[in-house]
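Everything on this sheet refers to the single structure shown next.
What follows draws every value from the coordinates through simple rules; no lab data is involved. All of these numbers come straight from a predicted model, not from anything done at the bench. Cβ coordinates were reconstructed from backbone atoms using ideal geometry, including for glycine residues, and neighbour counts include every protein chain displayed.
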Amino acid sequence: MKLSVARLFPKLCLIVGLPLLGACGGGGGGDGDSSINPPAPPPPPAAAAPTIATFQPDQGGFDTEVTIAGTNFSSTPAGNTVTFNGVTALVTAAGTTELKVLVPKNTSSTGNVRVTVANQTATSGRVFTYVPTLMVSTLAGTGSPGFADGPGDSAQFNTPIGIIVDASGMLVVADAENNRIRTITPDGLVSTLAGTGEVGFENGPIASAKFHYPEYLALDPTGNMYVSDSENNSIRKITAEGMVSTVAGTDNQGYRNGPGADALFTYPEGIALNAAGSLYVADNGNNCIRAIAPDGTVSTVAGAGPTGCSFDPVDLQFPHGVAVDTAGTIYVSEVEGHRISRVAPNGTVTTLAGTGVPGLADGPALEAQFDSPLGLTVDNAGVVYVAEWGNHRIRKITPDGTVSTLAGAGTPGFANGPADNAQFNTPASVALDSLGNLYVTDAFNHRIRKIAWE
């Protein structure tokens, strides 16, 4: 389903030398004995005042970077781990008087901060209160539709939809209207990975390959990338060596299982890989979740299929986004079902969140409301993040079944800043990096946004 108005609705004390003490004695006719007595040892330096740290116990699935002032930090370069109030934390930056540590999510602390560094305990010497703010910023894109590679503040996109992050922190974006696959470095430099920009269906080297409205992406452990080439009704593959091929589907619409070269899809959208290497596809036009086995065989794992959706609660109503957790459970956003469904490994479909009626309501998952949810992702703790088109928000579903708004004021527009005041215009997809930062394709703002704790 093409994303358009027409078709879719985060960081010795100085010992002063004491005078030598001595005694001189003199007597007639001889030298007197003299001796030098060592000084009494100085008192130990006063203990530094403790630092009081307060940080929130639940950062919505994000790790929290805390800056601590103190001593003896210079021997701990970034990448090492330290003990922070009994919790192992990752050092992200260090100086002689400052240490930034990444405190794991769901960790709570209020009290004296003691950091063990190189078998020494350094206690910071100032009082501070850490209260993080979830902030939205722009990583790349000017806001005007177009095509331009280069630095993020001058690069242009045209309806970016799918987004993934590799292990190095490189982002990859499906730039749908530009018919290209783009990359963004962590510092925002944009370049083109594949696609000429012309509409077409052509395999071969990435520089000459052609796509027609590529929407979503998946990455396997060996560096191969998969693309849902929506208007070509096919799933394409970009190898680490830079070759494009077709995994399954043709440029014809339809519904057919079997070998990849013979299988048919109708507007395939969200895609995700499981641990075994099977690729799941949200076959939007067929109201199905399809699976492509490592050998290329296509089958249907959930959905009513093209014969007609009964709109029963267990049926899928125009599935759009797909994500898979470590247990093999598939999460599906239903753009016209206005809910997030869950497909168990045995194929059973249940509702994770949403009533099925469009609206906006946070709270218990089965009472919460969504409006046209699009792309989604799930972290290792089972938290699901959803890009919600109709409400122009990023929503979160925790494993205990609570839905909340992570970012977005709810009205279409563009504004960076604190997450609850930020504005999006049709956020289409979300991806997490290894530090817990969330990236959003802000489709109709033609930008890539970043959500991080600061």
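As a calculated quantity, the FRET efficiency between D153 and N346 at R0 = 41 Å, using C-beta atoms, amounts to about 0.25.
If a/c stays under 1.5 just call it rounded; otherwise compare a/b with b/c (prolate if a/b is bigger, oblate if not). Do that for segment 163-260, with a ≥ b ≥ c from the square roots of the Cα gyration tensor eigenvalues. Cα axes put segment 163-260 in the prolate bin.
Seen from L217, the other residues with C-beta closer than 15 Å to its C-beta sum to a net charge of -3, counting Lys and Arg as +1 and Asp and Glu as -1.
Model label sites at A275 and T300, defined 7 Å from Cα along the beta-carbon direction, differ in position by 2.9 nm.
Counting pairwise Cα distances across segment 267-414, what percent come out greater than 19 angstrom?
46
What the Cβ-Cβ distance of E454 and A415 gives, at R0 = 22 Å and to the nearest 0.05, is a FRET efficiency of 0.85.
First select every other residue whose beta carbon is under 13 angstrom from the beta carbon of M135; then total the charges, Lys and Arg +1, Asp and Glu -1.
Details: positive: R449, K450; negative: E65, D420, E454.
Counting the neighbours of M135, the net charge comes to -1.
If I take R0 = 30 Å and measure r between the Cβ atoms of A93 and T196 in this structure, what FRET efficiency does the formula 1/(1 + (r/R0)^6) give, to the nearest 0.05?
On the way: r = 42 Å, r/R0 = 1.38.
Computed FRET efficiency for A93 and T196 comes out at 0.10.
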